[in-house]
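J.: After the structure tokens below, expect a handful of questions from me.
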Amino acid sequence: MGHVFARLTGFGMTLIPIWPYTFDRVEHRPGSVKVTRWAGDTAHTAVVTGPADVELTGAESPGEVVEVLTGPAGSVWRIETSPFTIDWPEGFSIDSPPADDNSSPFLLFGPAGSAIYLQGPYRRDRIPPLTQLAGPGQTLVDQQSAAAFDAVELEYEQGGNTWRQTHHLVDLGDERLVITAQTPATHGIQVRAAAELMARSVTATRSAS
């Protein structure tokens, strides 16, 4: 089993995927998750509704795709990493990062090519002020400070289309987690709402150092 930086918990289960993997929600079945283990372009899938309720495609046993353990009984799926847990927003799949990329423990992909990724947590002195997070060609369109996070929204052109990027900075003890979302402007409200949901739901799983 390859090293995995994230697992999924909820509905009485903990799901530990085998890298490289994708988690997808199952339409109209909130307590079920489709787990895919990729072998090149070949998909080995397990639709998991419970430890003894697994539908397999391209695999002979659940263990070829995912390890299913007892977990929290709540009716919300959460992504769990060593330093934090966080809600899994609707409309996004969870993907493992590439083997040579340790910058984010997992990646989220959503509508129209939108993506959300997390970095950190970092010491506060490693994160520039919000007003300095705009990159070349990006324009500041909004800035927000709330009890749970600070956020900035930027606009830029890509491939002839207008895109939006948000950065949410979330406190984890003496450190901060950075949640970055990028999306075509046509889906900006939906994707920013997903990133904000994640920012409000972060819970530390260890003491920040």
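The values are calculated or read from the model by the stated rules, or taken from the named source; none is laboratory data. All values reported here derive from a predicted model rather than from experimental measurement. Cβ atoms come from the backbone with ideal geometry, glycine included; neighbour counts cover every protein chain shown.
J.: Can you name every residue in region 146-168 that is more than 24 Å from Thr85 (Cα to Cα) and surrounded by fewer than 15 Cβ atoms within 10 Å (Cβ to Cβ)?
T.: Glu157, Gln158, Gly159, Gly160, Asn161, Thr162
J.: Please go through (1) surrounded by fewer than 23 Cβ atoms within 10 Å (Cβ to Cβ); (2) closer than 15 Å to Pro89 by Cβ; (3) touching a Lys or Arg at 6+ places or on another chain (Cβ under 7 Å) for Thr180 and return the number of the only condition it doesn't satisfy.
T.: (3)
J.: Looking only at region 103-119, count how many residues are loosely packed, with under 15 Cβ neighbours inside 10 Å and in contact (Cβ under 8 Å) with a residue 40 or more places away in the chain.
T.: Qualifying residue count, region 103-119: 3.
J.: Tell me the residue from Glu55, Glu90, Glu64 that is free of Cβ contacts under 8 Å to residues at least 12 places away in the same chain, surrounded by fewer than 16 Cβ atoms within 10 Å (Cβ to Cβ), of a type in the set (D, E, K, R) and in contact with a strand residue (DSSP E or B) (Cβ under 8 Å, 6 or more places away or on another chain), please. Steps first, answer last, please.
T.: Values: Glu90 fails: free of Cβ contacts under 8 Å to residues at least 12 places away in the same chain; Glu64 fails: free of Cβ contacts under 8 Å to residues at least 12 places away in the same chain.
The unique qualifying residue is Glu55.
J.: Kindly indicate which of Asp171, Asp125, Asp142 is surrounded by 15 or more Cβ atoms within 10 Å (Cβ to Cβ) and free of Cβ contacts under 8 Å to residues at least 24 places away in the same chain.
T.: Working: Asp125 fails: surrounded by 15 or more Cβ atoms within 10 Å (Cβ to Cβ); Asp142 fails: surrounded by 15 or more Cβ atoms within 10 Å (Cβ to Cβ).
That would be Asp171, the only listed residue that is surrounded by 15 or more Cβ atoms within 10 Å (Cβ to Cβ) and free of Cβ contacts under 8 Å to residues at least 24 places away in the same chain.
J.: Please go through region 171-195 and pick out each residue that is closer than 21 Å to Phe109 by Cβ and among the aliphatic types (A, V, I, L, M). Explain how you work it out, then say what you get.
T.: Of all residues in region 171-195, those closer than 21 Å to Phe109 by Cβ come to 177-195.
Across region 171-195, the qualifying residues are Leu177, Val178, Ile179, Ala181, Ala185, Ile189, Val191, Ala193, Ala194, Ala195.
J.: Please verify whether region 59-76 includes one or more residues that are modelled with pLDDT of 95 or more and under 22 Å from Ile179 (Cβ atoms).
T.: Scanning region 59-76, I find at least one residue that is modelled with pLDDT of 95 or more and under 22 Å from Ile179 (Cβ atoms), so the answer is yes.
J.: What's the number of the condition Ser75 fails, among (1) part of a strand (DSSP E or B); (2) in contact (Cβ under 8 Å) with a residue 60 or more places away in the chain; (3) surrounded by fewer than 16 Cβ atoms within 10 Å (Cβ to Cβ)?
T.: (1)
J.: Further question on the same structure: Just need a number here: residues in region 22-37 that are surrounded by fewer than 20 Cβ atoms within 10 Å (Cβ to Cβ), outside any loop (DSSP other than H, G, I, E, B) and not basic (Lys, Arg).
T.: 6
J.: Looking only at region 161-202, count every residue that is out of contact with any Gly (no Cβ under 8 Å at 6 or more places or on another chain), at pLDDT 95 or above and of a type outside the set (Asp, Glu) and tell me the total.
T.: Qualifying residue count for the region: 26.
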